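First up is the structure itself, then whatever we jot down about it.
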Amino acid sequence: MPIPITQRGQANRTSGRLDILTYHAITPNKAPLGDWCFLPLCKFATQMRTLRRMGIRVLPLVDAVSSLLDGSLQGHCVSITFDDGYLNNVSLALPVLEQYGYHATIYLVTGLVGEKRTLWSNRVIHAVQSSHRESVDFRGHRYSLGSHEDRRTASRGLQRAIKEIAGADPNSASKEIEIACETPTEPEFDRQHDFAMVDEAAIRVAHRSRLIEFGAHTVTHPILLRLGDADLRREILDSVEQTGHLTGRECRTFAYPNGGPEDFDERAIDLLSGTSVKNAVTTVQARNRAGTSPYRLTRWDIGSDVTLLRFVATVLGVYPAGREKALLSEVWYG
């Protein structure tokens, strides 16, 4: 039975409010190079258990958004999403979701489904992590690889640089980095690796659970704003079509790669509105309320850097400094 939470928290659980949580990979151990996109399974399980103890309803995304927009959503609800389509979303996260009966949406980078290749950002992590070099140069900048912390900093910096200066073709930029790091280009990973992407067998497993819906997340994960009209059309429409083909179900939702307001424009929304897609999610950090655009839904990033204290404060919408510990105490101990 859910236990009481703070009076302010209760006030924030009134009608018509939807928090969408964004996850990426779920890993059995610590994140590679501490990358925030890789959340240890133990932390994910604790967060799901915390949602249950908080008494918050977890709803399928498309249903929750539909109810929010037509004004029928009651109380404070949460929807769970996973970006990119990692195999561990099914092998590790799904059993936890099944324990609580929680629905989730997994957004597929369709060009990687069933492939041993991985997302361009993971290629950067792998190159930086495994390089024997003491430094690496990329597009006029030098990144130190002298220590573990240097490599963590370099990985973050190189991923950021690709988004900023090569967002239209991140895979080619990743190959440049692999060559500079003197590591294999376009490496392949087996099904047990943290970088492994979902395949059709895993999609079938997810469907049998009746808890997972799949959405589109483009074909190659570029920054959409950087694309010309023809490439933009191909990335969006092909991914929506391929998601439907892979799952045998209509694709009803889409996630913008990187997802900031500077990463897509009205061209993308116009294309999506002409497909089966009913809504699209960003990475703008905010709560959704009635009146939110269905193609500009906001989400909360939940990564390896999010403590349980911050998770509780985020879900409750209570942010004053010094309040997190009190909130957590009330959630767990009453």
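The values are calculated or read from the model by the stated rules, or taken from the named source; none is laboratory data. Every value quoted in this text rests on a predicted model; they were computed, and no experiment measured them. Virtual Cβ from ideal backbone geometry, glycine too; neighbours counted across all protein chains shown.
Taking the conditions (1) closer than 30 Å to ASP229 by Cβ; (2) part of a strand (DSSP E or B) in turn, ARG267 satisfies each one other than (2).
Do we find a residue being under 24 Å from LEU73 (Cα atoms), out of contact with any helix residue (DSSP H, G or I) (no Cβ under 7 Å at 6 or more places or on another chain), modelled with pLDDT under 95 and in a helix (DSSP H, G or I) anywhere in segment 292-314? Checking segment 292-314: at least one residue is under 24 Å from LEU73 (Cα atoms), out of contact with any helix residue (DSSP H, G or I) (no Cβ under 7 Å at 6 or more places or on another chain), modelled with pLDDT under 95 and in a helix (DSSP H, G or I). Might you check whether a residue that is farther than 16 Å from PHE214 by Cβ and not in a loop (DSSP other than H, G, I, E, B) occurs anywhere in segment 239-260? No, segment 239-260 contains no residue that is farther than 16 Å from PHE214 by Cβ and not in a loop (DSSP other than H, G, I, E, B). Considering every residue within segment 256-263, establish whether at least one is of a type in the set (Gly, Ala, Ser) and within 22 Å of TRP300 (Cβ to Cβ). The answer is yes, given that some residue of segment 256-263 is of a type in the set (Gly, Ala, Ser) and within 22 Å of TRP300 (Cβ to Cβ). Here ALA168 passes the criteria (1) touching an Asp or Glu at 6+ places or on another chain (Cβ under 9 Å); (2) exposed (fewer than 15 other Cβ atoms within 10 Å of the Cβ) except the one numbered (2).
The sole residue among ARG226, ARG252 that is basic (Lys, Arg), in contact (Cβ under 8 Å) with a residue 24 or more places away in the chain, surrounded by 15 or more Cβ atoms within 10 Å (Cβ to Cβ) and touching a strand residue (DSSP E or B) at 6+ places or on another chain (Cβ under 9 Å) is ARG252.
THR27 meets the conditions (1) surrounded by fewer than 19 Cβ atoms within 10 Å (Cβ to Cβ); (2) at pLDDT 95 or above; (3) under 15 Å from GLY303 (Cβ atoms) in every case but one. The failed one is (1).
Kindly list, by first and then second residue, each pair from a residue in segment 51-76 that is over 15 Å from ARG287 (Cα atoms) to a residue that is of a type in the set (Phe, Trp, Tyr) and surrounded by fewer than 22 Cβ atoms within 10 Å (Cβ to Cβ), limited to pairs with Cβ atoms under 6 Å and residues at least 6 apart or on different chains. Listed by first residue and then by second, the contacts come to ARG52/TYR100. Screening the candidates GLY140, GLY146 for the property of being modelled with pLDDT of 95 or more and among the small types (Gly, Ala, Ser) yields one hit, GLY146. Evaluate the following for VAL62: is it surrounded by 21 or more Cβ atoms within 10 Å (Cβ to Cβ), over 19 Å from ARG191 (Cβ atoms), modelled with pLDDT of 95 or more and of a type in the set (A, V, I, L, M, F, W, C)? In short, no. Taking VAL205, is it of a type in the set (A, V, I, L, M, F, W, C) and farther than 23 Å from PRO294 by Cβ? Taking the combined requirement at face value, the residue satisfies it. Restricting segment 286-303 to residues that are hydroxyl-bearing (Ser, Thr, Tyr) and surrounded by 19 or more Cβ atoms within 10 Å (Cβ to Cβ), the residue that is farthest from the chain's Cα centre (by Cα) is TYR295. PRO261 meets each of the listed conditions (1) farther than 26 Å from SER121 by Cα; (2) surrounded by fewer than 20 Cβ atoms within 10 Å (Cβ to Cβ) apart from (1).
So which residues in segment 98-117 are under 22 Å from GLU178 (Cβ atoms) and within 15 Å of the chain's Cα centre (by Cα), if there are any at all? Across segment 98-117, the qualifying residue is only VAL109. If we keep just the residues of segment 149-165 that are touching a strand residue (DSSP E or B) at 6+ places or on another chain (Cβ under 8 Å) and surrounded by fewer than 18 Cβ atoms within 10 Å (Cβ to Cβ), which is nearest to PHE264 (Cα to Cα)? The extreme case among them is GLY157.
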